[in-house]
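Chemist: Take a look at this one; I'll ask things after.
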Amino acid sequence: MDELKDTSTSEVIACENCGCPCPNNQKFCSKCSFPINGTAEEKNQFKAKVSGHKFLAKEAEKELKKPRIIICVLAGIVFLTGLYQGLANDDFVTMIVNLCISLLYLILAAWANKNPFGAILTALIVYITINVINAFVEPLSLFQGIILKIIFIGAFIKGIRSAKDAQEHLAELEKMNASTLGNS
Ligand SMILES: [Zn+2]
């Protein structure tokens, strides 16, 4: 027993989880906090925690599909409405404004792949702002397609929450040095 203790102070082992070299006398890996000298149960608990975060991050990312589609649908609706106003009603101001908003939605849809939290939040703010401005100009417009509006806003809010969840789980995985989502 004594012999083991003496040598262990200088011995270096590779962490099972992240592979970084750790002194054998410490219980946790200094980089990823894997219990290198813990019991089998403690090691399994750590691994279960990693797979738990991976699972939840994937689930949260799945939830981001819907708000992304809605942003594209909004881009399409705004584009077609603008085109109609311009071509059928000679309302070119509305047409140009709508084409710009449509372009903005497309940019947000593309940005959502990189930063879903920022992009969906911005899309929600843009969407609500446009509806408020429209309501000032034409109060009745607020009630046009009200159910669809509620569904869109609900999906955006849910998407913002999912994006935040995914960020948090990925941050935990990064701490545990297991940020790659690919391997289960
Ligand atoms: Zn480690």
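No lab work stands behind these numbers, since they all come straight from the coordinates. Predicted model only: the values in this text are computed from it and were never measured. Neighbour counts run over all protein chains shown; Cβ positions are idealised from the backbone, glycine included.
Chemist: Restricting things to Cα coordinates, could you compute the convex hull volume per residue of the chain in Å³?
Modeler: It is 123 Å³ per residue.
Chemist: Also, quick follow-up: Counting alpha carbon pairs within less than 8 Å and at least 6 residues apart, what relative contact order, in whole percent, applies to the chain?
Modeler: RCO, the chain: 25 percent.
Chemist: Take the chain, connect every pair of alpha-carbon atoms lying under 10 Å apart with a spring to form a Gaussian network, then pick out the residue of PHE117, PHE136, PHE28 with the largest mean-square fluctuation.
Modeler: Per the Cα network of the chain with a 10 Å cutoff, PHE136 tops the list.
Chemist: Assigning unit charges at the beta carbon (Lys, Arg +1; Asp, Glu -1) and nothing else, what dipole magnitude in debye, to the nearest 20, does the chain show about its Cα centre?
Modeler: Value, rounded to 20: 340 debye.
Chemist: Still on this model: Full extension from ASN25 to LEU83: what is 0.36 nm times the residue separation minus their Cα-Cα distance, to one decimal in nm?
Modeler: 13.7 nm
Chemist: Something else about it: Using +1 on the beta carbon of Lys and Arg, -1 on that of Asp and Glu, and nothing else charged, what's the dipole of the range 14-115 about the Cα centre, debye to 20?
Modeler: Charge dipole, the range 14-115, about its Cα centre: 520 debye, nearest 20.
Chemist: Hey, can you list the DSSP H helices of the chain whose Cα span along the axis is 20 Å or longer and whose average Kyte-Doolittle score is at least -1.0?
Modeler: 65-89, 92-114, 116-137, 146-175
Chemist: Pop the C-beta distance of THR39 and ALA171 into the FRET formula with R0 = 25 Å and round what comes out to the nearest 0.05.
Modeler: Working from the Cβ atoms, E equals 0.40.
Chemist: Moving to a separate point now. How much length would be gained if the chain were fully extended between LYS47 and ALA110, taking 0.36 nm per residue of separation minus their Cα-Cα distance, in nm to one decimal?
Modeler: So the extension gain works out to 19.2 nm.
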